[in-house]
Amino acid sequence: MSSNLAGSREATVPTRVDAVIVGAGFSGLYMLHKLRETGLNAVVLEAGDGVGGTWYWNRYPGARVDVEGFDYSYSFSADLQEWEWSERYPAQPELLRYLDHVADRFGLRRDIRLSTRVTSAHYDEAATLWTVCTERGQAYRATWCVMATGCLSSAQLPAIDGIGDFAGEWFHTAHWPVGGVDFTGKRVAVIGTGSSGIQSIPIIAEQAARLTVFQRTAAFAIPARNRDLEPGELDELKAHYPELRDRARHGIVGMSRIAEGSTSALDATADQRQQVFEEIWAAGTLSGLTTSYRDVMTDRTVNDQVADFVRGKIREIVDDPDTAERLCPRGYPFGAKRPCLHTGYYATYNRDNVRLVDVSENPIERLSARGVVVGGTEHEVDAIVFATGFDAMTGSLAAIDIRGRSGRTLRDKWSAGPITYLGLQSAGFPNLFLVAGPGSPSVLTNMVMSIEQHVEWIADCIGYARERGVVAVEATERAERDWVHHVNDVSNALLYSEASTWYLGANVPGKPRVFMPYAGGLGAYRKRCDAVAAAGYDGFVLTAG
Ligand code: NA7
C-alpha cells in the first residue's frame, strides 16, 4: 500500500478494497463500522487531518450543534451511550471529542487515511469496479463507493471584488484556524447572519474593540437556552433512551422531544396560540415553532403569526428601534430559511461596540485594503470573518470528478439540479451510494438520525447483494424520475420555495434552483426505504456477476 507522506505524489499500484468511503464525519465513521460488520474490507479517505467532518472544520467561536446532544448522537450502539454530554447543546470541541472517541472505541482509525483529498471516482463498467484517486496520486479500486462527503462541507466565499486587496486578516467560519483567533483590540467585520454568523457574533463582540455586522437577509433566531446538564439529568434521559430514540427515528424531524402538532393554528384562539409560542420560545428548540401546529409550513396566514411572534420578541430585546427593525426578518416565511438557535445574539446589538450594516438593498461593493465598502462608505476593519455558508448538498460531490457508465459525469447529469432515487443513488452510477444525498431528508432533520438510517440501509443493500452474487446495484431512471417528482410535489405543497435559500441552491451564483432535501419527514421516508428493500430493492437493477 502506498504511504501517507503529506505532499508527496506517488506513482500508484491501485489498492484493492471492497469499499471506498469518502469522508470521516458522522456518516463515514458509521459507514466504515457497518461495512466491517457486513464483512467488507473498507477504507475511508478524508481530506482533513483528523476525523469529525463538519465538527473538524467548523471551529469558529460559538460553534455548537442546534439539536440537543442526547439526540445528536449515534443510537446504534449501547456501548456509545456511555458518553457524558456536558451541555444541552454541545459545542464543537465536545462534538469533536465524541467523534474521536467513536473512532477509537471501534478501532476505526486503522482504515482511515487522513489528509487525503479525493479528486476523482471513475466507474469501470467491464470490471464493475470504481477507481478512486486522491490528490496525492494514490488510487483505490473498489466494488462499492460511498460518498459520505457531508451536506455542508464545501465552504462558499462570496464573489466580492477586492478580496485580494484587503490588507488585514480574513477567515471563513468553516475553515477556522485550529488554534483559534484572538480578536482582542481589533476592529472586526462579520459578513453573513446565518447560523455561523449568529453563533459567532456574540463571542467576537465580547473580544473585539469594534464589531461591524454586514447583514443581507435577517434570520429568524430562537434562544437556545443552552446550559450545563444537571447532575442526573442525562442518566434520566438515558434510562428512557429506547423510547426516545424510537420517537426520533420515526418522527418528522428526527428529534425525540419536539412536539409535532396535529391541529391547525387557525382552530386556536389568539391567546392559546400565544401561549403555545411562548412555551416553545421559553423551551429553546430549533424546530418547535415549525412543528407547533400542523399548518405552520403550509398556510402563510399561520406562518405569519409565528413570524410576527418572533419579530415581537426581537423588538423586546433590541433597545434601538431602528436596529430592531433591521434585525426583523421579512419577505419570506418563518422556517423556509433554516432558523437559527442563538445565545445572546439579539442583545449583542445593545452593546456600544457593535454596529449593524444592512446590505440587503446596497450590496457590499468591494473590499479595499482597509475594509469593506458599502454604498461608497468604507468601513475600516482589521479582520474580516466570512460567515457566508456553503455550496450545500451538491458542492462536495461536484468537487470530485465522478464518472459513471460510459464516462458520464455526475456534474453533467446534475447540471439542471440533482437527480437521485431516494437521495441514495443516481442512475448511471452503479454501486455509488450517497449518504444524506439530495432527495433525502438530511438537513431538514437531525442529521445523525438521518445518517444512521442511510448507513444502515446502504449496508443492508450491499449485504443483500453480496449474499446473492450481485455485482452491481443501480437505480433505474424511472424510479429516480418518480422520486424527483415526489420530492418536488412535497416541497411545493410547503412554503419553502418562497425563500431564496441554500436549500434551493439560491446562495451560489449559477446553481440551478431546485429544492434539494426531501421535506416529507424522516419517519415517512424511512418507511418508504424499508418498503423498497423489502420488495427486493424495488426501483434498482441488481446485476449478478
Ligand atoms: P448560511 O446559513 O448559508 O448563511 C450565510 C450567510 O451569509 C447568509 O446570511 C447570507 O445572506 C450571507 N451572505 C452570503 N454571501 C453574502 C454576500 N455577498 N454579502 C452579504 N452576505 C452574504 O451559512 P451558515 O454557515 O451560517 O449556516 C449553514 C448551516 O450550518 C446552518 O443552516 C445550520 O444548518 C448549520 P443571504 O441569506 O444569502 O442573503
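The values are calculated or read from the model by the stated rules, or taken from the named source; none is laboratory data. What you see is a predicted model, and the numbers here were worked out from it, not measured in a lab. Every residue, glycine as well, gets a Cβ built from its backbone with ideal geometry; the counts of neighbours run over all protein chains shown.
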Checking Y56 against (1) within 18 Å of R109 (Cα to Cα); (2) away from the ligand (no atom under 16 Å from the Cβ); (3) aromatic (F, W, Y), the condition it does not meet: (2)
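Scan L494, L432 and give me the residue that is under 20 Å from P339 (Cβ atoms) and at pLDDT 95 or above.
Details: L432 fails: under 20 Å from P339 (Cβ atoms).
Result: L494 is the single residue among L494, L432 that is under 20 Å from P339 (Cβ atoms) and at pLDDT 95 or above.
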Of the conditions (1) surrounded by fewer than 20 Cβ atoms within 10 Å (Cβ to Cβ); (2) out of contact with any Phe, Trp or Tyr (no Cβ under 9 Å at 6 or more places or on another chain); (3) outside the structural domain of R366 (by TED's automatic domain parsing), T116 clears all except one; give me its number. (1)
Of the listed residues (L234, L244), the one being in contact (Cβ under 8 Å) with a residue 60 or more places away in the chain, touching an Asp or Glu at 6+ places or on another chain (Cβ under 7 Å), of a type in the set (A, V, I, L, M, F, W, C) and more than 16 Å from the ligand (Cβ to nearest atom) is L234
Hey, any hits in segment 254-275 for a residue that's farther than 30 Å from V455 by Cβ and modelled with pLDDT under 95? yes
Can you tell which of A221, A189 is surrounded by 16 or more Cβ atoms within 10 Å (Cβ to Cβ), touching a helix residue (DSSP H, G or I) at 6+ places or on another chain (Cβ under 8 Å) and in the same structural domain as V373 (by TED's automatic domain parsing)? A221
Going through segment 155-183 one residue at a time, which ones are within 14 Å of the ligand (Cβ to nearest atom), under 24 Å from the mean Cα position of the chain (by Cα) and either acidic (D, E) or loosely packed, with under 11 Cβ neighbours inside 10 Å (or both)? A159
Residue check, A387 against (1) more than 30 Å from V146 (Cα to Cα); (2) touching a strand residue (DSSP E or B) at 6+ places or on another chain (Cβ under 7 Å); (3) within 12 Å of the ligand (Cβ to nearest atom), all met but one. Which one? (1)
Kindly indicate the residue of segment 296-328 that is in a loop (DSSP other than H, G, I, E, B) and surrounded by 17 or more Cβ atoms within 10 Å (Cβ to Cβ) and also farthest from the chain's Cα centre (by Cα) among those meeting that condition. V318
Would you mention how many residues in segment 358-383 are surrounded by 14 or more Cβ atoms within 10 Å (Cβ to Cβ) and in contact with a Ser or Thr (Cβ under 8 Å, 6 or more places away or on another chain)? 4
Checking L95 against (1) within 16 Å of the ligand (Cβ to nearest atom); (2) over 21 Å from the mean Cα position of the chain (by Cα), which single condition isn't satisfied? (2)
Taking only pairs six or more apart or across chains, which ones have beta-carbon atoms under 6 Å, a first residue in segment 335-346 that is under 20 Å from F390 (Cβ atoms), and a second residue that is within 11 Å of the ligand (Cβ to nearest atom) and charged (D, E, K, R)? L341/D66
Within segment 514-523, is even one residue in contact (Cβ under 8 Å) with a residue 60 or more places away in the chain and surrounded by fewer than 16 Cβ atoms within 10 Å (Cβ to Cβ)? no
Among the candidates G331, G344, G371, single out the residue that is closer than 30 Å to S153 by Cβ, under 25 Å from the mean Cα position of the chain (by Cα) and within 15 Å of the ligand (Cβ to nearest atom). G331
Scanning segment 194-231 for residues that are more than 16 Å from the ligand (Cβ to nearest atom) and of a type in the set (G, A, S), the one nearest to R326 (Cα to Cα) turns out to be A205
Please go through segment 95-134 and pick out each residue that is touching a residue at least 24 places away in the same chain (Cβ under 8 Å) and among the acidic types (D, E). D100, D111, E125
Restricting to segment 365-413, what's the tally of residues that are assigned by TED's automatic domain parsing to the domain that holds T128 and without any contact (Cβ under 8 Å) to a residue 40 or more places away in the chain? 6
Which residue pairs have Cβ atoms under 6 Å apart, sit 6 or more places apart or on different chains, and have a first residue in segment 24-52 that is closer than 14 Å to Y140 by Cβ and a second that is surrounded by fewer than 24 Cβ atoms within 10 Å (Cβ to Cβ) and basic (K, R)? L45/R113
Filter result (within 17 Å of F26 (Cβ to Cβ) and over 23 Å from the mean Cα position of the chain (by Cα)) within segment 98-107: D104, R105, F106
